[in-house]
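The values are calculated or read from the model by the stated rules, or taken from the named source; none is laboratory data. Because the structure is a prediction, the values reported are computed rather than measured. Counting neighbours? That spans all protein chains shown, and the Cβs are built from the backbone with ideal geometry, glycine included. For accessibility, only protein heavy atoms count, side chains too; no ligands or nucleic acids. Shrake-Rupley method; radii C 1.70, N 1.55, O 1.52, S 1.80 Å.
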Amino acid sequence: MAYIEVINESKRYQMGETTIVANDKLSFEANQGDLTVILGPSGAGKSTVLNILGGMDSPSDGEVIIDGTDIAKYSDKQLTQFRRTDIGFVFQFYNLIPNLTTRENVELASSIVPDALDADQVLKDVGLGDRLDNFPSQLSGGEQQRVAIARALAKNPKLLLCDEPTGALDYETGKQVLTLLEDASRKDHKTVLIITHNSALAKMADRVIRINDAKVRSIEDNPNPTPVE
Ligand code: ADP
Ligand code: ADP
């Protein structure tokens, strides 16, 4: 069943006289509980579509149906509520708050969510049970990204949106992070959507959507997703 249904979504930016078309009539679906990868080179329009799916931006045209509701029709206030409570975000550069501990970073994000999970438990689940009182600067990049994943999971969202989650990590550390995202889909039945330029991530996905030059170029289902090795 489609959890995300994007229909003819376009996004244009007006720069003085020039119109930049960042997304040109994108249509694709991502199924509930699946791990979906949107693959494309820099400038393809990936961040634009992720920002729209996450309620951080609105499309110029088209429908963006998430869990049965067209969020393209949401007001700014509805979008803010939606992104605060319904979505877990994972970013390339973690976006942790430097003067809060690991535990506080997770608690802050989940404090506004009614059915949030216990911060300490989720941090244990990502292997950081002994780092609860550390500050981000005391953690490695991979550990910081695991805090960010714990922060996203603690909100107990149905959807995880991930922007180049391994982009700042070395290969081994990146694999640990990908395993957590795979588990979120395979074990927790979260819908996980990852945008990346790294084609190595394609093999772990149930579906790979290739975008380039603002358009969807191909959509491929993978009956046998395997972990990145
Ligand atoms: P990707 O994430 O695949 O690298 P983006 O979605 O960031 O691609 O960008 C797609 C295109 O839209 C690029 O040409 C980029 O310069 C342009 N773009 C993105 N955001 C803005 C913006 N806020 N204003 C103007 N142009 C933008
Ligand atoms: P705030 O609650 O500070 O106004 P927003 O409404 O912009 O924040 O975002 C709400 C949620 O969206 C946050 O709890 C966080 O999980 C996620 N989010 C959005 N943008 C970012 C970001 N740049 N860094 C970290 N989290 C973000």
Can you list the lysines whose alpha carbon sits under 16 Å from that of Lys215, skipping same-chain ones fewer than 8 residues off?
-> Lys11, Lys25, Lys46
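How much length is gained on full extension from Gln14 to Ser27, taking 0.36 nm per residue of separation minus their Cα-Cα distance?
On the way: separation 13, 0.36 × 13 = 4.68 nm, distance 2.23 nm.
The span from Gln14 to Ser27 would gain 2.4 nm if fully extended.
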So which lysines pass the test for Lys124, namely a Cα distance under 22 Å, with those fewer than 8 places away in the same chain ruled out?
-> Lys155, Lys158, Lys175, Lys187, Lys190
Considering amide H positions built from the backbone, and no H for Pro or chain starts, which residues 5 or more places from Asp86, or on another chain, come under 5 Å of its amide H?
-> none
Roughly to the nearest percent, how much of the accessible area of segment 33-103 is carbon and sulfur, given a 1.4 Å probe?
-> 45
Using θ = phi - 60° and the Karplus curve 6.51 cos²θ - 1.76 cosθ + 1.60, what whole-Hz ³J(HN,Hα) does each residue of segment 162-168 get, with Gly and Pro shown as x?
-> 10, 10, 6, x, 10, x, 9
Could you tell me what percent of the DSSP beta bridges with both partners in segment 43-192 are antiparallel, to the nearest 5?
-> 25
Starting at the first residue of segment 12-22, write each ³J(HN,Hα) from the Karplus equation 6.51 cos²θ - 1.76 cosθ + 1.60 with θ = phi - 60°, in whole Hz, x for Gly and Pro.
-> 10, 10, 9, 10, x, 7, 9, 9, 9, 9, 8
Build a GNM of the chain with springs between Cα atoms under 10 Å: which of Lys73, Lys215, Lys187 gets the top mean-square fluctuation?
-> Lys187
For segment 134-201, dividing by residue count, accessible area per residue (probe 1.4 Å) in Å² works out to 36
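To check you understand DSSP bridge types, tell me what percent of the beta bridges within segment 118-223 (both residues inside) are antiparallel, rounded to 5.
55
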Leading residue at positive end of dipole, segment 1-126 (Cβ point charges), from Ala44, Met56, Asn8 = Ala44
Gaussian network model of the chain, Cα within-10 Å springs - most flexible of Pro41, Pro98, Pro136 | Pro98
Based on Cβ point charges of +1 for Lys and Arg and -1 for Asp and Glu, what charge dipole magnitude is obtained for segment 1-113 about its Cα centre, in debye rounded to the nearest 20?
-> 280
Taking a crude spin-label model, label points 7 Å out from Cα along the C-beta direction, the Tyr171 to His197 distance in nm is 2.0
Excluding ligands, DNA and RNA, what is the solvent-accessible area per residue of segment 38-95 at a probe of 1.4 Å, expressed in Å²?
-> 46
